[in-house]
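*Asks:* Please find one structure pasted underneath; my questions will follow.
What follows draws every value from the coordinates through simple rules; no lab data is involved. Source: prediction; values computed, not measured. Glycine also receives a Cβ, built like all others from the backbone with ideal geometry; neighbour counts cover every protein chain displayed.
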Amino acid sequence: MYQLMGFATQNTMKVLYVLEELGVKYEFKMIDLMKGENKSPEFLKWTPVGKVPVLLHGDDSLFESGAICRYVANVENSPLYPENKLERAKVDQWMDFFSCHLGRWLSSLYYELVIKPKSGRGSTNQDNCTEARGFCQQQLAIVEKWLSSNSYLVGNSLTIADLFAFAYLEQHRSIDLSLKDYPHILNWYARIDQRESVKKARKILAL
């Protein structure tokens, strides 16, 4: 059985969405970042970086949400991470795009507008927000154009790339970032938003 340790972050949600979509048995353990539980000696024995999520499987552990999503889909021999090498590389490219580009800027906005006020880490940096919104608009346009001729990020089938990207994009609800100018993204978003796996995962963290 898998055990996932996490908190209410988009990185944890990525993995929860994949676990639920795969329909595997797993246990979830909350690691309260606000109480510093991610810095405890017990937690740090599983990950040197002291961040969530962390997956325990057998006698080993794995950190970084992308690696965890790929690993579990691999272990389960799921088409969510296609066996074909080119298709798999296309899944990887979109996961990398969101990690390094659009997801990065969405997370930057979330940090400035949500995390900072809640955690007392200082005031929102408006210059950072302006920069992040500018990059978001540029990169949302890229995804919009792609989805105008593709049902999902990789062709016509759901993959872990879609669930991974969705976890980043759902932050738009908390950062006042409208998607109304991106109808193909909205269509894609709505279809994933209604999946039972997504609904079940959200109940775990009451999102």
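*Asks:* Give me Leu109, Leu19 sorted ascending by neighbouring Cβ count inside 10 Å, so fewest comes first.
*Replies:* Leu109, Leu19
*Asks:* What is the log10 of I(q)/I(0) for the chain, computed with the Debye formula using one identical point scatterer on each Cα and no solvent, at q = 0.13, 0.15 Å⁻¹?
*Replies:* Here the Debye-derived log intensity ratios amount to -0.74, -0.99.
*Asks:* Among all the lysines, which ones have a C-alpha under 16 Å from Lys200's C-alpha, if same-chain residues fewer than 8 places away are not counted?
*Replies:* Lys14, Lys25, Lys29
*Asks:* Taking 2.2 N^0.38 Å as the expected size of a compact globular protein, what ratio does the Cα radius of gyration of segment 1-107 give against it, to two decimals?
*Replies:* Segment 1-107 yields a ratio of 1.09.
*Asks:* Based on the Cβ-Cβ distance of Asn74 and Arg191, what FRET efficiency does E = 1/(1 + (r/R0)^6) give at R0 = 30 Å, to the nearest 0.05?
*Replies:* Computed FRET efficiency for Asn74 and Arg191: 0.75.
*Asks:* Taking amide hydrogens as modeled 1.01 Å from N in the peptide plane, which residues meet the under 5 Å criterion relative to Tyr2, leaving out close sequence neighbours?
*Replies:* Distant-sequence amide H within range of Tyr2: Glu27.
*Asks:* Further, regarding this structure: For segment 132-171, list residues with backbone N below 17 Å from a point placed 7 Å from the Cα of Glu87 toward its Cβ?
*Replies:* Only 150-163 fall inside the zone, counting backbone N under 17 Å.
*Asks:* Find the all-direction average of the projected area of the Cα convex hull for segment 1-64, expressing the result in square nanometres with one decimal place.
*Replies:* Here the figure is 4.1 nm², rounded to one decimal.
*Asks:* At 7 Å along Cα-to-Cβ for each site, give me the label-to-label distance between Asp32 and His184 in nm.
*Replies:* For Asp32 paired with His184, the spin-label model returns 4.6 nm.
*Asks:* Then there is this: Percent of Cα-Cα pairs more than 16 Å apart in segment 85-195, please.
*Replies:* So the portion of pairs separated by more than 16 Å is 59 percent.
*Asks:* Counting other C-beta atoms within 10 Å, which of Ile160, Ile68, Ile185, Ile142 has the fewest, and how do the rest follow?
*Replies:* With the sparsest Cβ surroundings first, the list reads Ile142, Ile185, Ile68, Ile160.
*Asks:* Under a point spin-label approximation (7 Å from Cα along Cα-to-Cβ), what is the Gln126-Ser61 distance to one decimal in nm?
*Replies:* For the pair Gln126/Ser61, the computed spacing is 4.2 nm.
*Asks:* Further, regarding this structure: Please order Met30, Met5, Met13 by the number of other Cβ within 10 Å, starting at the fewest.
*Replies:* With the fewest neighbours first, Met30, Met5, Met13 line up as Met30, Met5, Met13.
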